[in-house]
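For reference, the structure is listed below as structure tokens.
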Amino acid sequence: MGTALITGASAGLGLEFAWQLAAARHDLVLVARDVERLERLAAQLYAAAGVHVEVLPADLSVAEDVERVADRLRATERRVGLLVNNAGYGLHQRFVTGDVDEELAALDVMVRAVMVLSRAAAEQMVEHGRGAILNVGSVAALMTSGTYSAHKAWVRTFTEGLAVELAGSGVSATVLCPGFVHTEFHGRAKMRMDAYPEVVWLRPDAVVARALADVRRGAVISTPSIRYSMASGLLRLLPRGAVRGISSGRARR
């Protein structure tokens, strides 16, 4: 069924992607910083699904590590047919008073690495005439929630532009734009989310299943759930001043 490379594979949506792709009989390349967690996951996936699993430890805020992952994407042996650019995290700090080095590291992970890895994957996929790139964005791309929104806005626009360039090549590009998902994301960022009702939350298995279905049908934008499709439509229609007001209200909670 081909090989899928997943960044940020040790937790959250990346972990769910790994399990669902293994269940679909894809061999896997798992990329994350936590070697022990990756190796444990690789053993579990092999035991459960019998697929070939490579572990590729990398810190995507480090250019040399990104290039090692890019080299794997260019390789013709066990060729990667699906790239899932999932690695990312939130920064619970204000831009003006926060640590600028943390901001730069987040930019490297969620923007620079996405660009470099998408380029490496697209090169070999176009050469072979088939493949897919799935970049994990967010509904936050349509909001003004600090640099995280800025990163995800870049991912969304970049992926749409890539899809246009790849048209007719046999290679597709899809951006996944979920809202709140029950993962470790907010806990790792030390964000208090208990004020949000259960209705706004999505299950990671449903988000990933929708994303993979949209990749298979060649969709460019994948927005899981009707409620987030409607929310995204509203955010695109609202005056930007109103959108800034929504983000400001969330920030004060």
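The values are calculated or read from the model by the stated rules, or taken from the named source; none is laboratory data. What you see is a predicted model; the values in this text were computed from it and never measured. As a convention, Cβ positions derive from the backbone with ideal geometry for all residues, glycine included, and neighbour counts pool all protein chains shown. Areas reflect the complete protein model, heavy atoms only, side chains present, ligands, DNA and RNA absent. Shrake-Rupley method; radii C 1.70, N 1.55, O 1.52, S 1.80 Å.
Does anyone have the angle between helix 35-49 and the longest principal axis of the chain? Alpha-carbon axes, 0 to 90°, nearest 10?
In the chain, helix 35-49 runs at an angle near 60 degrees to the longest axis.
Give me the distance in nm between label points sitting 7 Å out from Cα along the Cα-to-Cβ direction at PHE95 and LEU238, one decimal.
1.8
Would you kindly find the accessible area of TYR46, with a 1.4 Å probe and non-protein molecules such as ligands, DNA and RNA excluded, rounding to the nearest 10 Å²?
Solvent-accessible area, nearest 10 Å²: 140 Å².
What accessible area per residue, rounded to a whole number of Å², is obtained for the chain using a probe radius of 1.4 Å?
Values: 12380 Å² over 253 residues.
The answer is 49 Å² per residue.
Quick one: among VAL136, VAL207, VAL35, which has the greatest mean-square fluctuation in a GNM of the chain with alpha-carbon springs under 10 angstrom?
VAL35
Looking only at THR144, THR174, THR97, which one moves most when the chain is put into a Gaussian network model with springs between Cα atoms under 10 Å?
THR97
Computing the accessible area with a 1.4 Å probe over protein heavy atoms, can you report the carbon and sulfur percentage for segment 40-127?
Within segment 40-127, the accessible surface is 53 percent carbon and sulfur.
If I model a spin label as a point 7 Å beyond the Cα along the Cα-Cβ vector, how far apart are those points for SER225 and HIS128 in nm?
Between SER225 and HIS128, the label points sit 3.5 nm apart.
Could you work out how far apart the two model spin labels at GLU36 and ALA24 are, taking each label as a point 7 Å from the Cα in the direction of the beta carbon, and quote it in nm?
Going from the GLU36 label point to the ALA24 one covers 3.2 nm.
For segment 1-94, what class follows from the C-alpha gyration tensor (a ≥ b ≥ c being the square roots of its eigenvalues): rounded when a/c is under 1.5, otherwise prolate if a/b is larger than b/c, else oblate?
Numbers: a/c = 1.85, a/b = 1.31, b/c = 1.42.
Oblate shape, in that a/c is at least 1.5 and b/c is the bigger or equal ratio.
Working from Cα positions, state the angle (0 to 90°, nearest 10) between the long axis of helix 204-216 and the longest principal axis of the chain.
Helix 204-216 and the main axis of the chain meet at about 60 degrees.
Roughly how much of LEU91 is accessible, in Å² to the nearest 10, using a 1.4 Å probe?
Looks like 40 Å² after rounding.
Over the C-alpha atoms of the chain, what are the Rg and the largest Cα-to-Cα span, Dmax, in Å?
For the chain, the Cα radius of gyration and maximum Cα-Cα distance read 17.6, 52 Å.
With springs connecting C-alpha atoms under 10 Å apart, model the chain as a Gaussian network and identify which of ARG74, ARG156, ARG40 has the largest mean-square fluctuation.
ARG40
Out of residues 5 or more away from LEU28 or on other chains, whose amide H comes under 5 Å of its own, with H placed 1.01 Å from N in the peptide plane?
Answer set, sorted by chain and number: ALA4, HIS52, VAL53, GLU54.
With θ taken as phi - 60° and the coefficients 6.51, -1.76 and 1.60, list the Karplus ³J(HN,Hα) couplings across segment 102-110 in order, rounded to whole Hz; mark glycine and proline as x.
Result, ordered by residue: 5, 4, 5, 5, 5, 4, 4, 5, 9 Hz.
Contour minus end-to-end for ARG78 and MET115, with contour as 0.36 nm per residue of separation and end-to-end as the Cα-Cα distance?
On the way: separation 37, 0.36 × 37 = 13.32 nm, distance 2.22 nm.
Length difference between fully extended and current span is 11.1 nm.
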